[in-house]
Amino acid sequence: MDPTPIDKSAPIFVAGHRGLVGSAVVRKLQSLGYANILLRTHSELDLTIQSAVDDFFGAHKPYYVILAAAKVGGIHANNTYPADFITINLQIQTNIITSAFKHNTKKLLFLGSSCIYPKFAPQPIPENSLLTGPLEPTNEWYAIAKISGIKMCQAFRLQHSFDAISAMPTNLYGPNDNFHPENSHVLPALLRRFHEAKVNNVAEVVVWGSGKPLREFLHVDDLADAVVFLMENYSGLEHVNVGSGKEVSIKELAELVKDVVDYKGEIAWDSSKPDGTPKKLMDSSKLAAIGWKAKVSLKEGLKDTYKWYLENVVNQQ
């Protein structure tokens with residue numbers, strides 16, 4: 001398929017621009033010279049209210065839409081607020097996709113999550129393993145909503161020839177990540193713990209599990225680059241995985257974080273705590289075949305994220 005460069009002067013709506021993904025997409029678009037980026041905070045536009053979303057689309061007629069808005073959280077939040085996770089995410093994506101089609105948006109990209117795949121999907125996980133087995137029970141509410149978003153984009157493409165595509169990123173990290181002590185993901189949680197141990201001269205940092213599980217990480221700036229690439233180079237029915245293609249053990253990750261933070265103490269492993277899934281890697285060969293691959297190394301990405309954490313979290317406390 002021939003690339004179709006995006007018109008940089010046309011209005012492009014980035015839904016969820018304050019989040020980890022949305023903020024990276026905005027940075028990328030600005031760096032490329034996009035002059036007409038439409039942004040709305042939650043107080044300015046509640047994406048769960050259909051009439052408000054439709055009024056916004058009617059008034060501003062976004063030519064392109066990047067749908068990065070979502071209610072997200074860890075296992076605890078998913079277990080505590082299942083109704084919120086399924087309802088709010090279904091509302092947001094339904095309102096945006098229907099209004100985008102109704103008001104003649106040229107192209108829409110919907111962002112999902114790797115949790116859409118079955119708990120025991122083959123490794124690395126190919127796109128066609130979607131809906132082939134049971135989901136991970138701890139976040140099935142969020143996953144079901146995201147699967148519905150993919151299917152909605154496909155349905156509008158099949159019935160109305162609406163150019164709606166979906167991208168499924170792997171584990172993301174970078175500026176604007178969540179560093180909350182209780183409900184952050186593994187990478188920001190480790191950065192925070194090693195930093196606090198360094199500042200407080202703690203002799204050792206205890207990390208859960210054996211350190212053996214393998215995980216894949218993608219810097220959010222790489223995802224933003226992939227989003228623009230897909231907008232210009234992909235128009236297909238199936239969703240596309242976006243990953244780095246590189247695995248790292250939790251033990252290697254902890255050592256890397258220790259090095260980046262310059263923590264001089266020891267790492268202790270609490271093997272009485274659960275390891276979780278032994279391996280979770282996305283098969284991103286489809287995206288590679290179209291011509292995109294990740295550029296930010298894990299070490300460089302960690303340095304960048306730690307710098308952001310120091311400037312925006314530590315210095316704001």
Worksheet entry | Of I75, L310, A59, farthest towards positive along the dipole that unit charges on Lys, Arg, Asp, Glu beta carbons give the chain | A59
Worksheet item: Which shape class, rounded, prolate or oblate, goes with the range 213-317 when its Cα gyration tensor gives a ≥ b ≥ c as root eigenvalues, a/c under 1.5 marks rounded, and past that a/b bigger than b/c marks prolate?
Response: oblate
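Is the shape of the range 71-140 rounded, prolate or oblate, going by the alpha carbon gyration tensor and its root eigenvalues a ≥ b ≥ c, with a/c under 1.5 for rounded and a/b larger than b/c for prolate?
Details: a/c = 2.99, a/b = 1.35, b/c = 2.21.
Oblate, because a/c is 1.5 or more while a/b does not exceed b/c.
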Discussion item. With N set to the number of residues, divide the alpha-carbon radius of gyration of the range 17-107 by 2.2 N^0.38 Å and report two decimals.
Written reply: 1.16
Discussion item. Show me the ranking of peptides 164-174, 274-284 by mean Cβ neighbours inside 10 Å, starting with the highest.
Written reply: 164-174, 274-284
Worksheet, complete the sentence: Rounded to the nearest 10 Å², the 1.4 Å probe accessible area of H17 is 40 Å²
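Using Stokes-Einstein with the Kirkwood hydrodynamic radius over Cα pairs, what translational diffusion coefficient do you get for the chain at 37 °C and a viscosity of 0.692 mPa s, in µm²/s rounded to a whole number? The partial results should precede the final answer.
Values: Rh = 20.4 Å.
So the translational diffusion coefficient is about 161 µm²/s.
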Fill in: Distance histogram in 10 Å bins (all Cα pairs of the range 256-311, percent per bin)
16, 27, 38, 16, 2
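Starting from the Kirkwood Rh over alpha-carbon pairs, what translational D in µm² s⁻¹ does the range 139-194 have by Stokes-Einstein at 4 °C and 1.567 mPa s? Walk me through the numbers before you get to the answer.
Numbers: Rh = 13.9 Å.
In µm²/s, the coefficient rounds to 93.
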Worksheet item: Among the lysines, which fall within straight-line cross-link reach of K119, defined as a Cα-Cα distance under 24 Å, with same-chain neighbours fewer than 8 residues apart omitted?
Response: K71, K146, K151, K212, K246, K251, K273, K279, K280, K286
Worksheet item: Which one of G301, M282, S271 is farthest out on the positive end of the charge dipole of the range 247-317, using unit charges on Cβ (Lys, Arg +1; Asp, Glu -1) and the Cα centre as origin?
Response: M282
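Kindly identify the range 141-261 as rounded, prolate or oblate by the Cα gyration tensor criterion: order the square roots of the eigenvalues as a ≥ b ≥ c, call it rounded if a/c is under 1.5, otherwise compare a/b with b/c, prolate if a/b is larger, else oblate.
Working: a/c = 2.88, a/b = 2.57, b/c = 1.12.
Prolate shape, in that a/c is at least 1.5 and a/b is the bigger ratio.
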Worksheet entry | q = 0.25, 0.31 Å⁻¹, the range 38-88: log10 I(q)/I(0) [Debye, one scatterer per Cα] | -1.02, -1.27
Worksheet item: Which of the lysines could a cross-linker span from K307 if the Cα-Cα distance has to be under 17 Å and same-chain partners fewer than 8 positions apart are dropped?
Response: K198, K258, K299
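The values are calculated or read from the model by the stated rules, or taken from the named source; none is laboratory data. The model shown is predicted, which means the values in this text are computed figures rather than measured ones. Positions of Cβ are backbone-derived with ideal geometry, glycine not excepted, and every protein chain shown enters the neighbour counts. Note: accessible area is taken over every heavy atom of the protein model, side chains too, but ligands, DNA and RNA are not part of it. Shrake-Rupley method; radii C 1.70, N 1.55, O 1.52, S 1.80 Å.
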